[in-house]
Amino acid sequence: MIRLLVVLGALAATTHVILAQQAQQPPARGPEMALALEGAQAAVAACGTNGVKAAVSVVDSGGVLRQLVTADGTSNDQIEISRRKAATAVALKVATSEIAARMEKDQAFKAGIEQDKALFPRPGGLPLIVGNEVIGAIGVSGASRLNGVPGGVRDEGCAKAGVDKIKARLK
């Protein structure tokens, strides 16, 4: 009887392990660490040429922070906003400027986006795409309105510089 209980216990434990392994998500994809750093540095440099002290976040396909690069004097708020812009670009698989533009035209879409407090639909986040798959994103925050140009538009220009620097080498 004891032997039967031991066998049944071992079988149950093995089944639990197998089921747990099947339930696990595949690991998130993302740019290689060196490329993530290079992209973030390019975005910070692009902003710096325009006098913008930016925070740049690079996230993987799960929205997890892989790299954070900031210019001297960047505020904590900008750091968090850059991460949220990148995570939003990954979650919705488009540039955050496209989300913001659609929100202006589609009130039902806007209401849905605003319900999810994890999203930050302001320009400055761009997805990193390999083939048809979003493997991560770059988010930038730091620019403010200058000469009538909204800060998010300038943030997105910096993010584009980061994406352009690494996109040909993403896998």
**Request:** In whole Hz, with x marking every Gly and Pro, tabulate ³J(HN,Hα) for the range 108-122 from phi via Karplus 6.51 cos²θ - 1.76 cosθ + 1.60, θ = phi - 60°.
**Result:** 5, 4, 4, 4, x, 5, 5, 6, 8, 5, 6, 7, 9, x, 10
**Complete:** Partner lysines whose C-alpha sits under 20 Å from that of residue 165, ignoring same-chain residues fewer than 8 away, are 53, 85, 93
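Under Stokes-Einstein, with the Kirkwood radius over Cα pairs standing in for Rh, what whole-number D in µm²/s applies to the range 28-169 at 10 °C and 1.306 mPa s? List each step's numbers first, then the result.
Values: Rh = 14.4 Å.
Once the numbers are plugged in, D ends up at 110 µm²/s.
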**Fill in**
Given 4 °C, 1.567 mPa s and a Kirkwood radius over Cα pairs, the Stokes-Einstein diffusion coefficient of the range 45-108 in µm²/s is 101 µm²/s
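So for each of 115-124, 132-141 I average, over its residues, the number of other beta carbons within 10 Å; can you give me the resulting order with the highest mean first? Could you put the intermediate results ahead of the total?
Working: 115-124: 18.3, 132-141: 25.1.
Packing order, densest peptide first, comes out as 132-141, 115-124.
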**Asked** Evaluated at 10 °C with a viscosity of 1.306 mPa s, what Stokes-Einstein diffusion coefficient in µm²/s does the range 89-152 have when Rh comes from the Kirkwood expression over alpha-carbon pairs?
**Response** 126 µm²/s
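Every number in this text was worked out from the coordinates using simple rules, so none of it is lab data. This structure is a prediction, so every number in the text was calculated from the model and none was measured. Here the Cβ is made from the backbone with ideal geometry for all residues, glycine too, and neighbour counts use every protein chain on show.
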